[in-house]
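Written below as structure tokens is the structure these notes are about.
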Amino acid sequence: MPDAMVALSTVTLTHNFAYWINFNNIPSSFRDLRIVASYKNVDNGIQAMVRFNGDTGTNYFNVGALSYASGALSWNNNISRMQFVNATGVSSSEYCVMQMDIFDYASTDKQKAVLARSSHSGEEDMAASRWGSTSAITGIRVSPETNTFAAGTTISLYGIVA
Amino acid sequence: MGVYSLARSGITNWVKYSTMLAGNPLPRDYELISTTVLASTTSSVTFSGLDASASAYKHLQVRAVSRSTNSGTGNDGLWVQLNADTGSSYAWHRLEGNGSSVATAAGASTTWMLQGLAARSSQASGIFSAAIIDILDAFSSSKNTTLKSLNGSVTTANPSIAFGSGVWLNTAAVTSLTLKPDAGYNFEAGSRFSLYGLKG
């Protein structure tokens, strides 16, 4: 019996990278997908963003809760992306971590449900998202909100068997 | 076909095995046990026979997307019961963000554990809630079974993201696991529940 989690692709940046990381031609043979990321931006600020199938429309519905030095809060929005913990204030050698699960990604009768956790030493986030499309996910783009991913950023894609 | 003596067959690179299982595929550490995708409305989903099919695992994980037939606004709960124990044998806790504020909820001496949400049928077609529920040390006979979950529902009026926890106040090994929406309602077709085993 095969392992239920299969590593599909990993990208590790050996230098600062001012663009996005694409996972294309994702096979439809799994049930769910998981993204695991260790990332930071060159300026130690801003967030990582994720989009599906190149969709840059305001088709992502997000709700989150976070805890940080000043307490805890919850937020929600309907914007053009899913977004993860803001790296502002992170020390120069610390990377943010993120794990995102995408459910029934290959279905064509469901809007895509996503659960994610992201954190660094000063903040812990949890978020649920919905991509308002019933299209099967064939591509995922991970990018810095602005500026540049720092060298050492690692982003991996896993398939979870059906 | 003739009968050959292995001692004279000229085999030079042989290896002796002491088990008849030699050559069988090795078990993996994280395995799919079962998936149920509902073709019609269903009151509950049960994974049974876990003592026979899953005793080789240390922990269990449920991955679910669910939707309820409840036509009200918002979300049903996603409730979990173990070993068909219908007694007041459970407790649960929840830390939730609803898009505006963070709040907690809890239950004690309950007959089910709240471990997620199921989007109600009033939501647009195709909207389902999601949950990952971990059942830790599921087959221990000396521990009350503990659960943890990450769950969320991005419905129009009642978005939610939450950590959940639960305990079954019984030290018996888990033999079955049942999930259901709020009382009086059913899961809609398309709801999907997958059970995975994790070796320890």
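Under 5 Å between amide hydrogens, which residues at least 5 positions from residue B:145 or on another chain qualify, with H placed 1.01 Å from N in the peptide plane?
For residue B:145, the qualifying residues are B:168, B:170.
How large is ³J(HN,Hα) for each residue in region B:80-85, as worked out from phi by the Karplus curve 6.51 cos²θ - 1.76 cosθ + 1.60 (θ = phi - 60°), to whole Hz, x for Gly and Pro?
Result, rounded to whole Hz: 10, 9, 10, 6, 6, 6.
If you count, for each residue, the other Cβ atoms within 10 Å and average over each peptide, how do A:121-131, B:179-189 line up from highest to lowest?
For the peptides A:121-131, B:179-189, the packing ranking is A:121-131, B:179-189.
Note the direction-averaged projected area, equal to a quarter of the hull surface, for the Cα convex hull of region B:117-200, in nm².
Result: a mean projected hull area of 6.6 nm².
Report, in cubic angstrom per residue, the convex hull volume of the C-alpha atoms of region A:79-162.
114 Å³
Output the pairs from A:110/B:148; A:40/B:148; B:148/B:199; A:112/B:58; B:58/B:148 with a Cα-Cα distance over 20 Å in this structure; if there are none, say none.
Pairs exceeding 20 Å: A:110/B:148; A:40/B:148; A:112/B:58.
Could you tell me whether the protein assembly as shown comes out rounded, prolate or oblate from its Cα gyration tensor? Rule is a ≥ b ≥ c as square roots of the eigenvalues, rounded for a/c under 1.5, then prolate if a/b exceeds b/c, otherwise oblate.
Note, shape of the protein assembly as shown comes out oblate.
In whole Å, what are the Cα extents of region B:54-200 along the three principal axes, biggest one first?
Extents along the principal axes, in whole Å: 44, 29, 28.
Measuring from label point to label point, each 7 Å out along Cα→Cβ, what is the residue A:22 to residue B:141 span in nm?
Calculated label separation equals 5.7 nm.
Which distance in Å, rounded to a whole number, links the C-alpha centroids of region B:144-200 and region A:85-162?
23 Å
Once you average over the residues of B:161-171, how many Cβ atoms of partner chains fall within 10 Å of each Cβ?
Whole-number average of other-chain Cβ neighbours for B:161-171 is 2.
Counting other beta carbons within 10 Å of each residue's own, what order do B:155, B:86 fall into, fewest first?
B:86, B:155
What ³J(HN,Hα) values, in whole Hz, does the Karplus curve 6.51 cos²θ - 1.76 cosθ + 1.60 give for region A:18-33 when θ = phi - 60°, with x put for Gly and Pro?
8, 10, 9, 10, 10, 10, 10, 6, 5, x, 8, 7, 9, 8, 10, 10
Here, each number is a calculation from the coordinates, and none is a lab measurement. Being a predicted model, the structure only gives us computed values, none of them experimental. Counting neighbours? That spans all protein chains shown, and the Cβs are built from the backbone with ideal geometry, glycine included.
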